[in-house]
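Here's the structure we're looking at; comments come further down.
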Amino acid sequence: MKKTLLSILIITFLSSCTNDAQFVSPIHPIPTQEQIDWHKLETYAFIHFGLNTYNDLEWGYGDTPASTFNPTSLDCEQWVATLKNCGMKGVILTAKHHDGFCLWQTKTTDYSIANSPYKNGRGDMVKELSDACKKHGLKFGLYLSPWDRNNACYAYDDYVETYHKQIDELTSNYGDLFEFWFDGANGGNGYYGGANETRSIDAKKYYDYERARDTIINRHHNAMIFGGTCQTIRWVGNEQGWAGDTDWCMINPELHQDRHTYLTYGDENGTQWIPAEVDVSIRPGWFYHKREDHLVKSLSQLTDIYYRSVGHNANLLLNFPINLDGKIPTQDSIRAMEWYEVISNDFKDNLLKDAKINVDNERCRKFKAENVIDDDWDTYWATENDYNFGTISFSFDKPVKMNRLILQEYIPLGQRVKDFYMEGELDGKWFKINAFDTLSTIGYKRIVRFNTVELDKLIIYFEESRGPLCINNIEAYCAPVLLSEPIISRNYDNLVRIENSDKNAAVYYTLNGSDPDENSFRYDKPFVFNKKGVVKAISYDPISKKKSEVAIKEFDIPHDYFEVKNPTDGFKKLFDGNNNVAMYLNMNDSIKIVFNNEETISGFRYMPSQSRDASRHIVDYEIYIDGKLINSGAFGNIKNNPIEQIVRFEGVKGKTICFVPKTNTDNARNCGMAEFSVITD
Ligand code: FUL
């Protein structure tokens, strides 16, 4: 009795809060404890591996023989070591992709690893990877494609049972799962046990996601569910690696169907806490393709992705394609580790640690402003009721330089801040700090980037919030310079332009295939390059003596070497070097190119429009050379991941090439093409 009284007195004294002020009421919706734990993971990895790997495909049709799955030196420990070395907290494996091929010993189908040469049919990738994760302390999750282009019963009741048996096997036999991924791609053409037809389903009803959720959550209480109708985390609406600069953790699941921008930005008035996960691949494709070996994302691209995912209140799911040997390619692991080093160096010394803090409003001492720098996630600075705004300032003994700010809200009480900005003071003069992107929401984490400023006082103005402020962490840093590689393009007049975003850096380039350095040609204005060849360029900062990675652009034979016999004259857009502006071609038409001289034609490049929300990308196509069908195919996953499509085939001599689009992503009467070029030997 005495003890209780004493502790009440101590708590009251320490907090010196009135009863009312003791509690900050949550603003709903709020996250579950499992969602909070998931937010704290921040970065984890995806692994895409399967039959597609061995058949150079993104979306297998469901008919490639299981016998082609044949890794020769598979090493899950190498995957896990790489992922741990680049700070990943977990890994999600594609146990089955749309082609239906199962990477584990399943009783549900013969289309599995059991019928491949790998370990004479006794291998089990789900087991091998989950064991390696257990051994090295990584969390483990699974991707199980609902769409199955191999299964004869797909779109009928029997397949639903098979699918649930697969979920049952995967959730029973491989230990703890932290996330289960239901992909959104559903229905369409496929092998379907030899039927070779198009089948469609109503994804909201067909799979019985409620039952799937029950199976998963009964066995793995902490697991997050991605996709389907019972999701606890959401797709961010693109596969390019960014969440909105406004990013609410809430959405109204009834509203979001097929509205990608809704998913990117979330909804301040959303009815459920369903935060965004950014999924993106370290290479253009999700699966390994040798032709993409030189297209591993650069350090500056990956770093930008980090800032626009984790720094925009989303988790980052970074994909690593496994190569034919069964390993993460060396250059991908090196790049990922370098990237982690960049991120770690960016956040090395928190400049706010010893700063003097001032606020204009504090609910009471329990919620004091100093809580934002005390390294305790569960303590926070809160303002009084009705103070849905506030300012906090940090003063330094001597001027400091900074270019990064981290802000976190105490999300167990809901996401609140709607608008904020920052100012600095140096020698009594105030100035606005201009962030690289629009400042609005914070959520679990917001990282603000700006050009380096020197200041002796930093002040943050929280202008508007859904309730009293609850900020649990603020940090500031001065990140070292990281140069971005320049962007190379060629316009219709064959003028090559090399754009550089770093204002202190100069650009150097080569035309002979060698890597440029500060002794190569210095770029100062666009130059004519009217032949095929490669341009390589770097940015170089003479002050820090740092250089960017090398930008490489391969240019095919320019349009002066041929005539385009096209029904519309919009075709110039195909050769203008502008990936955001597309030419629209009726589905009955084609691109017909007649060369001045005979050429050996060995492929083509098609760039779908890169403008935001572009649609009508080509899926199925045919290529005729001098009237003969030479090549045909489909660009798998082009709807969600509209990257440049490069197709190569055995060289064929000819004068005329005809590119015929057969279908597009939206079943529209015309299709979009931003760029097109012909690869010649
Ligand atoms: C997409 C799929 O269609 C891709 O192939 C990939 O698996 C990606 C993660 O999700 O929607």
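The values are calculated or read from the model by the stated rules, or taken from the named source; none is laboratory data. As the structure is a prediction and not an experimental result, all values here were calculated from the model. So basically every Cβ, Gly included, is an ideal-geometry build from the backbone, and we count neighbours across all protein chains shown.
Brief remarks on what is shown
- When we screen 68, 64 for residues that are within 16 Å of the ligand (Cβ to nearest atom) and either modelled with pLDDT under 95 or of a type in the set (S, T, N, Q) (or both), the only hit is 64.
- The residues of segment 618-648 that are farther than 21 Å from residue 53 by Cβ and within 16 Å of the ligand (Cβ to nearest atom), listed by number, are 619, 639, 642.
- Candidates 134, 165, 127, 119, filtered to the one that is at pLDDT 95 or above, in contact with a Gly (Cβ under 8 Å, 6 or more places away or on another chain) and in a helix (DSSP H, G or I): 134
- Among (1) among the basic types (Lys, Arg); (2) crowded, with 19+ Cβ neighbours inside 10 Å; (3) farther than 29 Å from residue 674 by Cα, the one test that residue 545 misses: (2)
- Each residue in segment 137-159 was checked for being part of a strand (DSSP E or B) and either more than 26 Å from the chain's Cα centre (by Cα) or within 13 Å of the ligand (Cβ to nearest atom) (or both), and 4 pass.
Matching residues to (1) surrounded by 24 or more Cβ atoms within 10 Å (Cβ to Cβ); (2) aliphatic (A, V, I, L, M); (3) in the same structural domain as residue 91 (by TED's automatic domain parsing):
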| residue | (1), (2), (3) |
| --- | --- |
| 291 | no, no, yes |
| 296 | no, yes, yes |
| 303 | no, no, yes |
| 307 | no, no, yes |
| 319 | no, no, yes |
| 322 | yes, yes, yes |
| 334 | no, yes, yes |
| 341 | no, no, yes |
| 351 | no, yes, no |
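- Within segment 504-531, being in contact with a Phe, Trp or Tyr (Cβ under 6 Å, 6 or more places away or on another chain) and of a type in the set (Lys, Arg) holds for one residue alone: 522.
- Beta carbons closer than 6 Å, at least 6 apart along the sequence or on distinct chains, never pair a first residue in segment 50-68 that is without any contact (Cβ under 8 Å) to a residue 12 or more places away in the chain with a second that is more than 13 Å from the ligand (Cβ to nearest atom) and in a helix (DSSP H, G or I).
- Restricting segment 356-382 to residues that are hydrophobic (A, V, I, L, M, F, W, C) and farther than 25 Å from residue 397 by Cβ, the residue that is surrounded by the most Cβ atoms within 10 Å (Cβ to Cβ): 382
- The residues in segment 420-467 that are within 22 Å of residue 344 (Cα to Cα), assigned to a loop (DSSP other than H, G, I, E, B) and small (Gly, Ala, Ser) can be counted, and the count is 1.
- For segment 98-110, the criterion of a residue being away from the ligand (no atom under 16 Å from the Cβ), touching a Cys at 6+ places or on another chain (Cβ under 7 Å), assigned by TED's automatic domain parsing to the domain that holds residue 221 and not in a helix (DSSP H, G or I) is satisfied by at least one position.
- Identity of the residue in segment 311-338, touching an Asp or Glu at 6+ places or on another chain (Cβ under 8 Å) and away from the ligand (no atom under 16 Å from the Cβ), that ends up farthest from residue 296 (Cα to Cα): 313
- Under the condition of being modelled with pLDDT of 95 or more and either of a type in the set (Phe, Trp, Tyr) or outside any strand (DSSP E or B) (or both), the residues counted in segment 179-200 number 9.
- The lone criterion from (1) farther than 23 Å from residue 314 by Cβ; (2) within 14 Å of the ligand (Cβ to nearest atom); (3) out of contact with any Cys (no Cβ under 6 Å at 6 or more places or on another chain) left unmet by residue 46 is number (1).
- Among the residues of segment 538-556, the ones that are touching a residue at least 60 places away in the same chain (Cβ under 8 Å), touching an Asp or Glu at 6+ places or on another chain (Cβ under 7 Å) and β-branched (Val, Ile, Thr) come to 1 in all.
- Scoring residue 101 on the criteria (1) under 28 Å from the mean Cα position of the chain (by Cα); (2) surrounded by fewer than 22 Cβ atoms within 10 Å (Cβ to Cβ); (3) under 24 Å from residue 636 (Cβ atoms) leaves a single failure, condition (2).
- Screening the candidates 82, 171, 162 for the property of being more than 16 Å from the ligand (Cβ to nearest atom), under 27 Å from residue 65 (Cβ atoms) and in contact (Cβ under 8 Å) with a residue 40 or more places away in the chain yields one hit, 162.
- Total residues in segment 201-212, condition away from the ligand (no atom under 16 Å from the Cβ) and either assigned to a loop (DSSP other than H, G, I, E, B) or more than 30 Å from residue 135 (Cα to Cα) (or both): 8
- For segment 653-667, the set of residues classified as touching a Ser or Thr at 6+ places or on another chain (Cβ under 7 Å), surrounded by 15 or more Cβ atoms within 10 Å (Cβ to Cβ) and more than 18 Å from residue 565 (Cβ to Cβ) consists of 665 only.
- Scan of segment 241-288 for residues that are without any contact (Cβ under 8 Å) to a residue 40 or more places away in the chain, within 16 Å of the ligand (Cβ to nearest atom) and not in a loop (DSSP other than H, G, I, E, B), ordered by number: 263, 264
- Any hit, segment 446-468, residues being without any contact (Cβ under 8 Å) to a residue 12 or more places away in the chain, among the small types (Gly, Ala, Ser) and not assigned by TED's automatic domain parsing to the domain that holds residue 538: no
- Test: residue in segment 248-266 that is among the acidic types (Asp, Glu) and at pLDDT 95 or above: no
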